[in-house]
1. Just to be sure before I move on: is ILE53 closer than 19 Å to ARG201 by Cα and either within 16 Å of the ligand (Cβ to nearest atom) or over 18 Å from the mean Cα position of the chain (by Cα) (or both) in the structure I sent?
2. From ALA150, ALA176, grab the single residue that is within 13 Å of the ligand (Cβ to nearest atom) and closer than 16 Å to THR85 by Cβ.
3. Is it the case that GLY166 is assigned to a strand (DSSP E or B) and either at negative phi or open to solvent by less than 40 Å² (accessible area, probe 1.4 Å) (or both)?
4. Output the qualifying pairs, or none if there are none: Cβ atoms under 7 angstrom, residues six or more apart or on different chains, first residue in the range 33-59 and in a helix (DSSP H, G or I) and open to solvent by less than 60 Å² (accessible area, probe 1.4 Å), second residue polar (S, T, N, Q) and away from the ligand (no atom under 13 Å from the Cβ).
5. Between a first residue in the range 193-211 that is surrounded by 17 or more Cβ atoms within 10 Å (Cβ to Cβ) and a second residue that is in a loop (DSSP other than H, G, I, E, B), which pairs have beta carbons less than 6 Å apart while being 6 or more apart in sequence or on different chains?
6. Can you tell me which residue in the range 172-192 is surrounded by the most Cβ atoms within 10 Å (Cβ to Cβ), limited to those that are among the polar types (S, T, N, Q) and assigned to a loop (DSSP other than H, G, I, E, B)?
7. Among the candidates SER63, SER3, single out the residue that is open to solvent by less than 60 Å² (accessible area, probe 1.4 Å), assigned to a helix (DSSP H, G or I) and at pLDDT below 95.
8. Give me the residue from the range 179-216 that is among the β-branched types (Val, Ile, Thr) and within 22 Å of PRO142 (Cβ to Cβ) and, out of that set, farthest from the ligand (Cβ to nearest atom).
Amino acid sequence: MNSLMNKAKLLLLLRQEGVTDSRILSAFESVPREIFVDELFKNHAYENVSLPIDCGQTISQPSVIAIMTKALDLGARMKALEIGTGSGYQTAILARLCRRIYTVERHRTLSIEAAKKFHQLTIHNVSTKIGDGYSGWPAQAPFQRILVTAAAVEPPPRLLEQLGDGGVMVIPIGSADSEQTLYRLQREGEKIIKNFLADVRFVPLVKGGVAETKEE
Ligand code: SAH
């Protein structure tokens, strides 16, 4: 009951922050954030804050997820790529809004746990991969939409290559220890049109393949 009320409050806040698209709001409504956060933080699942998850990573702040989802402007028939599965919460929201989502995560534990949650929620249009997001998912390219949920110093060239014509990429740009800026990039032929979205703070997009995490 409590979590229902908290979720309603969060939805109200997202509306106040300018998220008016009913498809996006119902995606937020239908995905239970509490199953994606650590047991310790369940009581805070519907607060507008980022929270720690396994492997020293974070589940993003709901209002930032909303800004990114809105900027992506997903259509129901689109194929999208996400870099940085993390908890899988954002993936589950995107899965409600497009035909199929391909999501890459460098931490094996996080990818496996997220896949279990998609199964539990009967979300069947997500493909997960453990790997280096800098390489994207070439076998499935081009993508109409690409979301990067970790900050890079510049847009990874291989991801730009995998963005289809007219496609949109949303990505935080900046170094790990400074303010970062969330951008919406749109491909128009060879040109990339760049638009400012928000000042943000993300964990870094780490170069160099799969993380050697200890499995518990
Ligand atoms: N959208 C996620 C955010 C997770 S934080 C959520 O809301 O839960 C960003 C994630 O990007 C982390 O899980 C981190 O491990 C992952 N990541 C960082 N660098 C990566 C890379 N090069 N390739 C794939 N995943 C990466």
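1. It is true that ILE53 is closer than 19 Å to ARG201 by Cα and either within 16 Å of the ligand (Cβ to nearest atom) or over 18 Å from the mean Cα position of the chain (by Cα) (or both).
2. Numbers: ALA176 fails: closer than 16 Å to THR85 by Cβ.
Testing whether each residue is within 13 Å of the ligand (Cβ to nearest atom) and closer than 16 Å to THR85 by Cβ leaves just ALA150.
3. Yes, satisfied.
4. GLU34/SER3
5. These pairs meet every condition: PHE202/ALA150; VAL203/GLN57; VAL203/ALA150; LEU205/ALA150; ALA211/ARG106; ALA211/HIS107.
6. The extreme case among them is SER175.
7. On the way: SER63 fails: at pLDDT below 95.
Only one candidate passes the filter, namely SER3.
8. Keep residues of the range 179-216 that are among the β-branched types (Val, Ile, Thr), which gives 181, 192-193, 200, 203, 206, 210, 213.
With within 22 Å of PRO142 (Cβ to Cβ) added as a condition, the list becomes 192-193.
On the way: ILE192: 21, ILE193: 24 Å.
Filtering first and then ranking leaves ILE193.
The values are calculated or read from the model by the stated rules, or taken from the named source; none is laboratory data. In this text the structure is predicted, and so the values were computed from the model without any measurement. Ideal geometry is used to build each Cβ from the backbone, glycine not excepted, and the neighbour counts take in all protein chains shown. Keep in mind that these areas ignore ligands, DNA and RNA; they rest on the heavy atoms of the full protein, side chains included. Shrake-Rupley method; radii C 1.70, N 1.55, O 1.52, S 1.80 Å.
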